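The values are calculated or read from the model by the stated rules, or taken from the named source; none is laboratory data. None of these values were measured; they are calculated from a predicted model. Here the Cβ positions follow ideal geometry from the backbone for every residue, glycine too, while neighbour counts run over all protein chains shown.
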There are 2 protein chains.
Amino acid sequence: MKGWLAIVGLGPGSENLITPQVSKSLAEATDIVGYISYVNRLPQREGVMYHPSGNRVELDRARQALEMVATGQRVVIVTSGDPGVFAMASAVFEVIDDGPKIWCSFDIRVLPGVTAMLAAAARIGAPLGNDFCAINLSDNLKPWDLIEKRLRLALAADFVIACYNPQSKGRPDGFSKVLEVLNAECTGSRVLIFARAVFTVRESIRVVRLKDCLSEMVDMQTLIFIGASTSRVIKREGNCWVYTPRAVVL
Amino acid sequence: MKGWLAIVGLGPGSENLITPQVSKSLAEATDIVGYISYVNRLPQREGVMYHPSGNRVELDRARQALEMVATGQRVVIVTSGDPGVFAMASAVFEVIDDGPKIWCSFDIRVLPGVTAMLAAAARIGAPLGNDFCAINLSDNLKPWDLIEKRLRLALAADFVIACYNPQSKGRPDGFSKVLEVLNAECTGSRVLIFARAVFTVRESIRVVRLKDCLSEMVDMQTLIFIGASTSRVIKREGNCWVYTPRAVVL
C-alpha cells in the first residue's frame, strides 16, 4: 500500500470551519500526528493510531510522520488554522530538504485552512480590508531585533499588522516591547484588536485604542491586529465593527 | 421575518474548500448577491433570487444587499477566497459607515474562507513559512506610489510577499513595474511563484527565479509570491516544492 502525508489545517476551532477536503483526509488516515491540543480536538475513530506530542518538537514530529509514510501509512499532521501559516508545513519541508532523497518522491499534500487572522477579522468586521502583513512575535527561531525591525517597517508601510504568538511563559514581556514601539511610532488613537478563541463559546474580542492598551491584555492564545492609520471603528449597540477602507488617498 | 446579511468566502474555486458554515448560509439564503463569476459558481436553487453584477460596482452591490436586509430578506454576498481580503467585506462596512443609522442594528456576519494566498501556498509547499505580507497591486483605489513604497518596505523587512490582482486590461504594465523594483532590490536568484486557478482542473503553478521572470507570466487571475531571501526550492521528479524556513539567523 502506498503511503501518503497530508498536512492539514483544522481552522480556528469550530467544526463548521473545517473544509470538506480536510474532513475527507482525516477519514482516510491510518495515523494522526500533531500537537496534543489539536489531536484532542478530533473525535476518536476506531482503527486509527493517534500520535499526540508536545510543543517545540515540530522537527521530530515531521520526521516521525515521514517515517510512517515510508512504511505505507496514510498520515495526517493536524494543525490549528492553516498549516502553512506559523504551523507545521514549513517544518515538514525543512526536514525533507535535510533528509534522505527518497522523501522527495513521497505523496505529500498541504490542505489549507482558515488561519486565525482571517477568522478573527471576520468576527469583528473587515480590519484586513487593505494591504496587511502577518508577523510571528515568537523569538524562539529568530532574533527579537528582526521582529522589531519588521514591525517598524510594517508601520512605515501602513500595513494592517496581524501579530501571532505574542507572549508565552518564557517571553512574558513580548507584547510590552511591541507597545513601546507603537507608542513611539503611532498616535494614541490607533485601533488595536485583541481576539481570543474566535468562533468558539469562549470567544473574546476587544477593540482598544493604543493609548488604553496594556500588555496584560494578551496571552499566547491572543491574535492581535494593529490597525492601519486609516482603520475605522463603527460603534453600535453593545459592541462595534472595525474595518479598513479599500481606498487610500495620499 | 428578520433579515440578515452574510458576506461569505467561497474559497479558491473547489467545492471541497467551501466551509460547512458557508454552505449552511447559502442553503438558508433568500437572495444571493455578487460578482457574476462567483454567483455562477453556485448550483441554482429554486425559490432563491440571484443578483449577479459586474466588476467595480462593489459599493452599489453592498447597498443593494443592505436594502434587501431592511425588507426582511436573508441575503448572502458571495466572494472568491476570503471576504475580508481584497473582497466585499470592507465595501459593506464602508457603506454602513456612510449610511442610515439603522443599518448598524442589522444582523451582519462575515464568514471566512480560504483566501487565494493560502490555497496557492498549500499547492507548492510552504512559501508562507515565515513572516509575510499581502499587497493588492491594483491602483484603482490607491496611488501606484503607495504600492511601490509598500513593496520596497516589504522587501526591506524580508517578508514573503503575496501579490493580488497584478494586472488588468486597464493596467497592462502592472507587473513589469514590480519587476523593475525587484531587479533593483534583489539578486537574480530570488524565487517567485506564479499561481493560477489553484485546486481546479485548470491549475497552473510556475516557480521562476527573478532573473528569468517576464511580465507576460501574469494576468489578472495570477497570484504571485515573491519569496523572502531565505525561501528555498526543493527539486523533485517533474516539479518542485518551495518553502520558507521558520528560523532566521542574522
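Evaluating B:Gly174 against the criteria (1) away from chain A (no Cβ under 14 Å); (2) in contact (Cβ under 8 Å) with a residue 24 or more places away in the chain; (3) out of contact with any strand residue (DSSP E or B) (no Cβ under 8 Å at 6 or more places or on another chain) leaves one unmet condition, (3). Scan the range B:40-58 for residues that are under 16 Å from B:Val76 (Cβ atoms), out of contact with any Lys or Arg (no Cβ under 9 Å at 6 or more places or on another chain) and either surrounded by 11 or more Cβ atoms within 10 Å (Cβ to Cβ) or aromatic (Phe, Trp, Tyr) (or both) and the total you get is 8.
Considering A:Ala184, A:Ala195, the condition of being buried (at least 20 other Cβ atoms within 10 Å of the Cβ), more than 9 Å from chain B (Cβ to nearest Cβ) and of a type in the set (Gly, Ala, Ser) is satisfied by A:Ala195 alone.
A:Pro43 satisfies every condition listed in (1) outside any loop (DSSP other than H, G, I, E, B); (2) under 23 Å from A:Arg202 (Cβ atoms); (3) not β-branched (Val, Ile, Thr) except (1). Kindly indicate whether B:Ala247 is within 14 Å of chain A (Cβ to nearest Cβ), farther than 20 Å from B:Glu148 by Cα and small (Gly, Ala, Ser). Yes; evaluated as a whole, the condition is true for this residue.
Within the range A:50-84, the only residue that satisfies the criterion of being more than 25 Å from B:Ala247 (Cβ to Cβ) and without any contact (Cβ under 8 Å) to a residue 24 or more places away in the chain is A:Tyr50.
Within the range A:188-210, can you find the residues that are among the hydrophobic types (A, V, I, L, M, F, W, C), within 20 Å of A:Ser14 (Cα to Cα) and not in a loop (DSSP other than H, G, I, E, B)? Full working, then the answer.
The initial filter retains those residues of the range A:188-210 that are among the hydrophobic types (A, V, I, L, M, F, W, C), namely A:191-195, A:197-199, A:201, A:205, A:207-208, A:210.
With within 20 Å of A:Ser14 (Cα to Cα) added as a condition, the list becomes A:194-195, A:197-199, A:201, A:205.
Selection gives A:Phe194, A:Ala195, A:Ile205.
Checking each residue of the range B:49-57 against the condition of being among the aliphatic types (A, V, I, L, M) and within 13 Å of another protein chain (Cβ to nearest Cβ) gives no match.
Among the residues making up the range B:128-185, a single one is of a type in the set (Ser, Thr, Tyr), at pLDDT below 95 and within 13 Å of B:Phe86 (Cβ to Cβ): B:Ser138.
Could you count how many residues in the range A:81-95 are more than 14 Å from the chain's Cα centre (by Cα), surrounded by 24 or more Cβ atoms within 10 Å (Cβ to Cβ) and at the interface with chain B (Cβ under 7 Å from one of its Cβ atoms)? Show your work before the answer.
Filtering the range A:81-95 down to residues more than 14 Å from the chain's Cα centre (by Cα) leaves A:91-95.
Now drop any that are not surrounded by 24 or more Cβ atoms within 10 Å (Cβ to Cβ), which leaves A:91-93.
Restricting the remaining residues to those that are at the interface with chain B (Cβ under 7 Å from one of its Cβ atoms) gives A:91, A:93.
Within the range A:81-95, residues that are more than 14 Å from the chain's Cα centre (by Cα), surrounded by 24 or more Cβ atoms within 10 Å (Cβ to Cβ) and at the interface with chain B (Cβ under 7 Å from one of its Cβ atoms) number 2.
Do the conditions hold for A:Val39, that is, is it in contact with a His (Cβ under 9 Å, 6 or more places away or on another chain), among the hydrophobic types (A, V, I, L, M, F, W, C) and away from chain B (no Cβ under 11 Å)? Break it down stepwise before answering.
Values: in contact with a His (Cβ under 9 Å, 6 or more places away or on another chain): yes; among the hydrophobic types (A, V, I, L, M, F, W, C): yes; away from chain B (no Cβ under 11 Å): yes.
It is true that A:Val39 is in contact with a His (Cβ under 9 Å, 6 or more places away or on another chain), among the hydrophobic types (A, V, I, L, M, F, W, C) and away from chain B (no Cβ under 11 Å).
Within the range A:22-35, residues that are closer than 17 Å to A:Pro52 by Cα have Cβ atoms under 7 Å from residues that are modelled with pLDDT under 95 and outside any strand (DSSP E or B) in these pairs: A:Tyr35/A:Asn55, counting only partners at least 6 apart in sequence or on another chain.
Quick one: in the range B:137-176, which of the residues that are crowded, with 23+ Cβ neighbours inside 10 Å, within 26 Å of A:Leu137 (Cβ to Cβ) and not charged (D, E, K, R) is farthest from the chain's Cα centre (by Cα)? The residue in question is B:Ala157.
Just one of the numbered conditions (1) of a type outside the set (Gly, Ala, Ser); (2) out of contact with any strand residue (DSSP E or B) (no Cβ under 6 Å at 6 or more places or on another chain); (3) on the phi < 0 side of the Ramachandran plot is not true of A:Ile7: (2).
Going residue by residue through the range A:16-23, is there one that turns out to be among the β-branched types (Val, Ile, Thr), over 20 Å from A:Ala119 (Cβ atoms), assigned to a helix (DSSP H, G or I) and modelled with pLDDT of 95 or more? Walk me through how you get there before you give the answer.
The initial filter retains those residues of the range A:16-23 that are among the β-branched types (Val, Ile, Thr), namely A:18-19, A:22.
After this cut, where a residue has to be over 20 Å from A:Ala119 (Cβ atoms) as well, the list is none.
Looking through the range A:16-23, none of the residues is among the β-branched types (Val, Ile, Thr), over 20 Å from A:Ala119 (Cβ atoms), assigned to a helix (DSSP H, G or I) and modelled with pLDDT of 95 or more.
Annotation: of all residues in the range A:104-136 being more than 7 Å from every other protein chain (Cβ to nearest Cβ) and surrounded by fewer than 22 Cβ atoms within 10 Å (Cβ to Cβ), the one that is nearest to B:Leu128 (Cα to Cα) is A:Arg109. Here B:Gln73 clears all of (1) more than 9 Å from chain A (Cβ to nearest Cβ); (2) at positive phi; (3) not acidic (Asp, Glu) except the condition numbered (2).
The set of residues in the range B:1-35 that are crowded, with 21+ Cβ neighbours inside 10 Å, of a type in the set (A, V, I, L, M) and away from every other protein chain (no Cβ under 14 Å) comprises B:Ala29, B:Ile32, B:Val33.
Looking for whichever is within 23 Å of the chain's Cα centre (by Cα), on the phi < 0 side of the Ramachandran plot and modelled with pLDDT under 95 here; the options are A:Arg41, A:Arg61. Which one fits? Reasoning before the result, please.
Numbers: A:Arg61 fails: modelled with pLDDT under 95.
Selected residue: A:Arg41, the only one of A:Arg41, A:Arg61 that is within 23 Å of the chain's Cα centre (by Cα), on the phi < 0 side of the Ramachandran plot and modelled with pLDDT under 95.
With respect to the conditions (1) at pLDDT 95 or above; (2) over 18 Å from A:Ala154 (Cα atoms); (3) out of contact with any strand residue (DSSP E or B) (no Cβ under 9 Å at 6 or more places or on another chain), A:Ser229 falls short on a single one, namely (2).
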